[in-house]
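The values are calculated or read from the model by the stated rules, or taken from the named source; none is laboratory data. Computed from a prediction, not measured in an experiment: that's the story for all the values here. Cβ atoms come from the backbone with ideal geometry, glycine included; neighbour counts cover every protein chain shown.
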């Protein structure tokens, strides 16, 4: 059994981690924390976990004990907080999986530029936690910076084409729409039911913090610097992301070549389901699962390829992906606790 703790267990991602870890046969959950709900049992906040996880929430005041008693720690806190934990536990044998942004960037100056926070742990032994691309590095890393939700859908959709140099990397545009759970559990006017219902809107145009994360991974894959446009949208639903990714095909790239690189890169992947050319992934078909469904279309008139990528933002976009990374790092089968059928309808 592997001893696991969750720091920040009361957000939506933390609760999703608890749900998935409950069915993991190799995990013993030893500590869960919340600074705002210390002393409460988790079902007081999430009644759906009653009888499944009745643990009491602790404070981070005794982080050293948590570090000593854990083999892995999941951190599900807003950006700017995980680096404090990572720094304090740097000399402990525990491994860390951060669901926030603190450890996603190889160049911490990019993090500081976009997140407006000074990085306190720039020399951490970390790896970007996008399992299908960085699997070999994830296995031995001290800290795994779990990929973001929009970024997971976007990077996975574009990666085969960028890696195999089939598209002009200066032409990439991503429009992605997310369910409101991606904004977290905190009270915000824009997420208030009368504001959200029967509405569809864009936000953070040309300045969303997932932009440099997508650029970093695609630059790494293709070896050419990627600067792209990313526009997020908010949907009046709870879960799901649909990313629509556009890029101009290079000269002499055939339709069959496009099909071939998707199959080459993802043909053996458990959690990527290739729907194929002219297919239409939908968020409902991946709801509650760790799958990423991908389809693509080729516009012969404009010579652009349009990739559609659908995930559940709380599972493949957060907690499920974190468990996938955990399984890789711990040496378990990658689909342990994640081999579930999407919820439908």
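Details
Results for (1) without any contact (Cβ under 8 Å) to a residue 60 or more places away in the chain; (2) in a loop (DSSP other than H, G, I, E, B), shown as yes or no for each residue.
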residue: 290; (1), (2): yes, yes
residue: 295; (1), (2): yes, no
residue: 298; (1), (2): yes, no
residue: 309; (1), (2): no, no
residue: 313; (1), (2): no, yes
residue: 317; (1), (2): no, no
residue: 321; (1), (2): no, no
residue: 327; (1), (2): yes, no
residue: 334; (1), (2): no, yes
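- Residue 121 out of contact with any strand residue (DSSP E or B) (no Cβ under 7 Å at 6 or more places or on another chain), part of a loop (DSSP other than H, G, I, E, B) and under 24 Å from residue 298 (Cα atoms): no
- Identity of the residue in the stretch 22-33, surrounded by fewer than 22 Cβ atoms within 10 Å (Cβ to Cβ) and in contact with a helix residue (DSSP H, G or I) (Cβ under 9 Å, 6 or more places away or on another chain), that ends up farthest from residue 182 (Cα to Cα): 26
- Restricting 298, 272, 323 to residues that are more than 14 Å from residue 130 (Cα to Cα), in contact with a helix residue (DSSP H, G or I) (Cβ under 7 Å, 6 or more places away or on another chain) and at pLDDT 95 or above narrows the list to 298.
- Listed by first and then second residue, the pairs with beta-carbon distance under 6 Å, at least 6 apart or on different chains, first residue in the stretch 22-35 and over 23 Å from residue 334 (Cα atoms), second at pLDDT below 95, are 33/60.
- Filtering the stretch 178-199 to residues that are part of a helix (DSSP H, G or I) and under 19 Å from the mean Cα position of the chain (by Cα) leaves 180, 181, 182, 183.
- Checked against the criterion of being over 19 Å from residue 114 (Cα atoms), surrounded by fewer than 17 Cβ atoms within 10 Å (Cβ to Cβ), in contact with a strand residue (DSSP E or B) (Cβ under 8 Å, 6 or more places away or on another chain) and touching a residue at least 24 places away in the same chain (Cβ under 8 Å), the candidates 190, 184 yield just one match: 190.
- Test for residue 235: is it in contact with a helix residue (DSSP H, G or I) (Cβ under 9 Å, 6 or more places away or on another chain), modelled with pLDDT of 95 or more and within 21 Å of residue 129 (Cα to Cα): no
- Set side by side, the residues 129, 100, 106 differ, and just one is surrounded by fewer than 20 Cβ atoms within 10 Å (Cβ to Cβ) and outside the structural domain of residue 232 (by TED's automatic domain parsing), which is 106.
- Tally of residues being in a loop (DSSP other than H, G, I, E, B) and loosely packed, with under 15 Cβ neighbours inside 10 Å across the stretch 40-73: 6
- Residue match in the stretch 264-277 (condition: within 12 Å of residue 307 (Cβ to Cβ) and exposed (fewer than 13 other Cβ atoms within 10 Å of the Cβ)): yes
- Given (1) crowded, with 18+ Cβ neighbours inside 10 Å; (2) in contact with a helix residue (DSSP H, G or I) (Cβ under 8 Å, 6 or more places away or on another chain); (3) in a helix (DSSP H, G or I); (4) touching a residue at least 40 places away in the same chain (Cβ under 8 Å), index of the condition residue 86 fails: (2)
- Residues that are surrounded by fewer than 20 Cβ atoms within 10 Å (Cβ to Cβ) and touching a helix residue (DSSP H, G or I) at 6+ places or on another chain (Cβ under 6 Å), drawn from the stretch 136-145: 139
- Residue 247 vs. criteria in contact (Cβ under 8 Å) with a residue 24 or more places away in the chain and either in a loop (DSSP other than H, G, I, E, B) or not assigned by TED's automatic domain parsing to the domain that holds residue 184 (or both): no
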